[in-house]
Amino acid sequence: MRKRWAVLLLALTLTAGGCAGTGEGSSASGDGGKPTGTTTQTTQGVNQMEELTDHVRFFGRTYTVGKVVFFDWTQSGFTFSFRGTEARAELAAMNKSLPEENNDVFLQIQVDGGEPEKLRLQKGRRTYVLAENLPEGEHVVRVTKISEAQHSYCGLKEIQLQGEWLPPPAEPEGLKLEFVGDSVTCGMGNLTPEGWQTDTTLYSDGSQTYAAVAAERLGACYQVIAASGCGVVRDAGNAENLLMGRLYEKTQGLGGCTEDWDFSRFVPDAVIVNLGTNDSGVFCDKEELREGMKALLDTIRRCNPQAKIVWAYGLMNRGYFDEIRANVEAYAQQDDKVYFVELPLQNIGRDGTGLGGHPNTVSHELAGEALAEALRGILDA
């Protein structure tokens, strides 16, 4: 019997500045078939074309180039529902900063809330099997980028089904969080085995960070704006090339999309900032850091008038810890919705560490639990 396929193409004609999407962190529930990471070079027969955005809900800060919707930030992606047995997607992957063999895009594929599996994308545009051999019936597929935007871009062009479309999963209601940070928030090197010295996206997982843990504990949906090396007034290279003040108001800001982000698309109840590690690592001027932190807090407040702002710091090391806490507490004198939270410092001797002294998943778990507890009190205040 010939397979019946429904194919979904993006029929938008936006320029590189076109932007769409919201943030979300919760997963669908239920049981289903096992997702796979098989690459296929051909497509089956097409008998239906519809607009991508009619059937797919994107989360995170996304943007459109031609007929591809890019979801570059850590923990951004898309989800859809269908009735059938198989789903494929045509995805575009572009590598960036690291040597090509070390900066592949990694996605997490989850079907019907089951155990997520990792999918490694090859450079260029290819078609991948997201799920196959599913039992006949209704299914929910969720695709999340777990590697960071600083190293690679990723976009969706087309979805193919053996089956028929159902309305996309509804955007979750309830608590919304936004996490702003650097490599720690991205999960850089949190899976790195002992003795490994090379920076690679293979051993970094944005779904196993303190941010992901805290959001899960609180039952919150969330989005992440973070890049390795990012700072407040100085980046990891002791320069001003990668500063959050220049990124925060942009949809992407790292080279993929220069348009301003529409903050009405995702309105967080709290914005959690974890920055200062790179500034302190290059011993930036402390007065400059104070002024830069104030400017960044001003920007976040202007973009999120009602949100509580939490500066959570101290997980990787304690560089400029007292100064950063004092700066936040001073700002809180004029804004009573601004807070400082001390994250537990990683215990390397007891728990080990990730790449280059970055916290591993054990330390992220402990920090996420502590942050969730602190946020409960702050959000209830």
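The values are calculated or read from the model by the stated rules, or taken from the named source; none is laboratory data. All of these numbers come straight from a predicted model, not from anything done at the bench. Note: ideal-geometry Cβ built from the backbone for every residue, glycine included; neighbour counts use all protein chains shown.
Structure summary
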{"item": "Any hit, the stretch 83-106, residues being surrounded by fewer than 23 Cβ atoms within 10 Å (Cβ to Cβ), under 15 Å from the mean Cα position of the chain (by Cα) and at pLDDT 95 or above", "result": "no"}
{"item": "Pair list, Cβ < 8 Å and 6+ apart or interchain, from the stretch 346-362 residues that are without any contact (Cβ under 8 Å) to a residue 40 or more places away in the chain and hydroxyl-bearing (Ser, Thr, Tyr) to residues that are surrounded by 13 or more Cβ atoms within 10 Å (Cβ to Cβ) and in a loop (DSSP other than H, G, I, E, B)", "result": "Thr353/Gln346; Thr353/Pro359; Thr353/Asn360"}
{"item": "Cross-chain or 6+ apart pairs with Cβ under 6 Å, the stretch 308-327 first and over 15 Å from Thr185 (Cβ atoms), then basic (Lys, Arg) and assigned to a strand (DSSP E or B)", "result": "none"}
{"item": "Selection status of Ser228, in contact with a Lys or Arg (Cβ under 9 Å, 6 or more places away or on another chain) and buried (at least 18 other Cβ atoms within 10 Å of the Cβ)", "result": "no"}
{"item": "Failed criterion for Leu297 (all others in (1) farther than 27 Å from Glu365 by Cα; (2) surrounded by 15 or more Cβ atoms within 10 Å (Cβ to Cβ); (3) aliphatic (A, V, I, L, M) hold)", "result": "(1)"}
{"item": "Any pair with Cβ under 9 angstrom, 6 or more apart, that starts in the stretch 125-139 at a residue that is more than 18 Å from Leu156 (Cβ to Cβ) and ends at one that is at pLDDT 95 or above and assigned to a loop (DSSP other than H, G, I, E, B)", "result": "Leu134/Asp112; Glu138/Asp112"}
{"item": "All positions within the stretch 225-241 that are within 12 Å of Gln150 (Cβ to Cβ) and part of a strand (DSSP E or B)", "result": "Ile225, Ala226"}
{"item": "Residues located in the stretch 51-76, provided they are small (Gly, Ala, Ser) and surrounded by fewer than 24 Cβ atoms within 10 Å (Cβ to Cβ)", "result": "Gly66"}
{"item": "Scan of the stretch 253-271 for residues that are buried (at least 16 other Cβ atoms within 10 Å of the Cβ) and under 18 Å from Ser228 (Cβ atoms), ordered by number", "result": "Gly253, Leu254, Gly256"}
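Per-residue answers, yes or no, for (1) more than 30 Å from Thr201 (Cβ to Cβ); (2) among the polar types (S, T, N, Q); (3) buried (at least 16 other Cβ atoms within 10 Å of the Cβ):
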position: Arg301; (1), (2), (3): yes, no, yes
position: Leu315; (1), (2), (3): no, no, yes
position: Arg318; (1), (2), (3): no, no, no
position: Glu329; (1), (2), (3): yes, no, no
position: Arg350; (1), (2), (3): no, no, no
position: Leu355; (1), (2), (3): no, no, yes
position: Ser363; (1), (2), (3): no, yes, yes
position: Glu369; (1), (2), (3): no, no, no
